[in-house]
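**Student:** Following this message is one structure expressed as structure tokens.
Nothing in this text is a laboratory measurement; each read-out follows from the coordinates by a stated rule. Here the structure is a predicted model, which means the values were calculated and not measured. Here Cβ is always computed from backbone atoms with ideal geometry, including for glycine, and neighbour counts include all displayed protein chains.
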Amino acid sequence: QVQLVESGGGLVQPGGSLRLSCAASGFTFSMYAMSWYRQAPGKERELVAAVTSAGGRTKYADSVKGRFTISRDNAKNTVYLQMNSLKPEDTAVYYCNAAWSPAGKEVVSYWGQGTQVTVSS
């Protein structure tokens, strides 16, 4: 049974930090690219950060570059999102995604249930 379980969300003041974790099970974690998405009320889900299967490459949304860092520990089947200098506009539900693109076949993708991040004074 595939599971992606996010944790670490909560309420934080502007300028504060949070570290999200996503623990994976039920699939070969090291084969999958991992990403964090977020969805604010009334907005579409957007990509925040992504990391390749081996962790060698990352990419970030322009809005979080220099503030957020994605990392993964393949030995622990976990991906992290360190969020610093948080702003009210970072308020959203944050989702973990696992994706694998086998050659010539459809992308295999799994989603977590989401964790709420609220940035407010």
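**Student:** Quick check of the Kirkwood formula: for the chain, what is the inverse mean of 1/r over all pairs of different Cα atoms, in Å?
**Tutor:** Every distinct Cα pair counted, the radius reaches 14.5 Å.
**Student:** Quick check on the chain: of the DSSP beta bridges with both residues there, what percent are antiparallel, nearest 5%?
**Tutor:** Just about 95 percent of them are antiparallel.
**Student:** Please return the longest range in the chain lying between exposed loop sites, taking GluC sites (Glu not before Pro), DSSP loop only, at most 14 other beta-carbon atoms within 10 Å, and leaving the sites out.
**Tutor:** So the longest stretch without any such site is 45-105.
**Student:** Among all the lysines, which ones have a C-alpha under 28 Å from Lys105's C-alpha, if same-chain residues fewer than 8 places away are not counted?
**Tutor:** Counting by Cα, and skipping residues close in sequence, Lys105 has these lysines nearby: Lys59, Lys76.
**Student:** Less than 16 Å apart at the alpha-carbon level, and either on another chain or at least 8 residues along: which aspartates and glutamates does that give for Lys65?
**Tutor:** Cα-Cα hits under 16 Å: Glu46, Glu89, Asp90.
**Student:** If you don't mind, there's one more thing I want to ask. For a quick check, take a GNM of the chain with Cα springs below 10 Å and name the residue from Ser63, Ser21, Ser71 with the largest mean-square fluctuation.
**Tutor:** Among Ser63, Ser21, Ser71, the largest mean-square fluctuation in the Gaussian network model of the chain belongs to Ser63.
**Student:** I've got another one for you. How about Lys87: which aspartates and glutamates have a C-alpha closer than 16 Å to its C-alpha, ignoring those fewer than 8 places off in the same chain?
**Tutor:** Hits, sequence-local ones excluded: Asp62.
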